[in-house]
Structures are given as structure tokens and as C-alpha cells.
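Report on the following structure.
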């Protein structure tokens, strides 16, 4: 696996930080990005659609932004739902550093940590949000679904975004296997938002 992928430890890459703005629900966010992190030129469409589905969701309690990149989902969630306790995690130490910088830049308090999946995360959550690293393949992504189940509180939910052409249908089948349920929250321009709830 190449060392410059955004889902690896790529601290040896040169640094070339940029700032870009993102407007969501009338609020303007500023994010610092860098080489070697996902969607460094701006917030990707999938993440934006995932966030849009949260507008009418009453988020509360403990929320995990799994695979947080430079912190977009966690920061927007904490801004829109300030009573939530937000944790943001990523395997990529450069992304973790940027997420911390961006939280401070946007006036948000959230816990940010480096973790390979759930390796450094013993806690359970009310909501886990995930834009899965598709390039890693099912051998990496599907175990994240299985571990997410174990890291949800009863009635807790996992919500993901995935493109139809990148395996949304098979991801839905896998989530149904793990959770015994999976709802398509939204389909928009090739992106599917899927949600599974821990029922036990």
C-alpha cells in the first residue's frame, strides 16, 4: 500500500497547507487542508449529502465521526448540535492534527484522536457517522461496520454515505447482516445514505 494514501500514516509527505471555506445552513466554516488527506481541495459531495441528512435528525448524546479526515463532519455536528459530545478519529496522524486545528479555528470543542478503526476507541456511542475509505476495499470497510455495531449503545445508529457505483447495494446487504436492519435514508446523484440501528 502506497504511503501517500489518506488512510495511512503519511507524515513523511511534504506539507502544503491551504484554507478553504464551506457554507452549511448559513454558517461559514474555514478548514485547513494539506497534502495526503482526503478531499484536500474542499468538502466532498458525499460528506455534504451526509450532513444534509442530519438537518432533520435530533442528534444528541455521544457522537463519533469515524475516519474524520480534517474534521468536517465532527465540527459541523458540534456546531449544529452543541449539546452533543463529539469524538473525531482517523488513522492518519496528519488528518488528526488538522482536525484539531480546524476545531479550534471554528470555535468547536471536540475530542480528536488517532485510531486505526476502533483500535483506540473503547467507548460506545449514540451515533456513529462514517464516509468509508472506499479505496481500502471491503476487507477493511466491512469490519468497520461490524465493530461499529459493538461500539453503539442500545438504539444507537450508524449512518454512512457511499456511492452506488462503489458498492452501496452490497454495503446495505452487509449492514443488514450485522444489524438485522438497514434503511436507505436518501439517494442523491449516485450517493446513498444508509442507516442501521442497534436494536438489542
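Computed quantities for the displayed model
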quantity	calculated
Qualifying residue in the range 3-19 (condition: buried (at least 18 other Cβ atoms within 10 Å of the Cβ) and modelled with pLDDT of 95 or more)	no
Tally of residues being buried (at least 19 other Cβ atoms within 10 Å of the Cβ) and over 15 Å from residue 137 (Cα atoms) across the range 162-177	1
Residue count for the range 88-112, restricted to those that are touching a residue at least 60 places away in the same chain (Cβ under 8 Å), under 20 Å from residue 30 (Cβ atoms) and part of a helix (DSSP H, G or I)	6
Residue within the range 71-85 that is surrounded by fewer than 16 Cβ atoms within 10 Å (Cβ to Cβ), more than 14 Å from residue 159 (Cβ to Cβ) and over 11 Å from the mean Cα position of the chain (by Cα) present	yes
Unmet requirement for residue 29, which otherwise passes all of (1) farther than 24 Å from residue 167 by Cβ; (2) modelled with pLDDT under 95; (3) surrounded by 17 or more Cβ atoms within 10 Å (Cβ to Cβ)	(2)
Given (1) surrounded by fewer than 17 Cβ atoms within 10 Å (Cβ to Cβ); (2) under 21 Å from residue 76 (Cα atoms), number of the condition residue 123 does not satisfy	(2)
Given (1) more than 18 Å from residue 135 (Cβ to Cβ); (2) modelled with pLDDT of 95 or more, number of the condition residue 47 does not satisfy	(1)
Options 41, 55; residue that is touching a strand residue (DSSP E or B) at 6+ places or on another chain (Cβ under 8 Å), closer than 17 Å to residue 22 by Cα, surrounded by fewer than 20 Cβ atoms within 10 Å (Cβ to Cβ) and free of Cβ contacts under 8 Å to residues at least 40 places away in the same chain	41
Considering residues of the range 58-70 that are surrounded by fewer than 20 Cβ atoms within 10 Å (Cβ to Cβ) and in contact with a strand residue (DSSP E or B) (Cβ under 9 Å, 6 or more places away or on another chain) only, the residue nearest to residue 115 (Cα to Cα)	62
Pair list, Cβ under 7 Å, 6 or more apart: the range 164-190 residue at negative phi and at pLDDT below 95, other residue assigned to a loop (DSSP other than H, G, I, E, B) and surrounded by fewer than 15 Cβ atoms within 10 Å (Cβ to Cβ)	164/190; 165/190
Residues being in a loop (DSSP other than H, G, I, E, B) and either touching a helix residue (DSSP H, G or I) at 6+ places or on another chain (Cβ under 9 Å) or within 23 Å of residue 126 (Cβ to Cβ) (or both) - total across the range 25-43	8
Only one of 46, 69, 74 that is part of a loop (DSSP other than H, G, I, E, B) and under 24 Å from residue 93 (Cα atoms)	69
Residue selected from the range 143-159 under the condition without any contact (Cβ under 8 Å) to a residue 60 or more places away in the chain and in contact with a helix residue (DSSP H, G or I) (Cβ under 8 Å, 6 or more places away or on another chain), by the criterion farthest from residue 118 (Cα to Cα)	158
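The values are calculated or read from the model by the stated rules, or taken from the named source; none is laboratory data. From a predicted model like this one, the values you see are computed outputs, not experimental measurements. All Cβ positions, glycine included, derive from the backbone under ideal geometry; neighbour counts span all protein chains shown.
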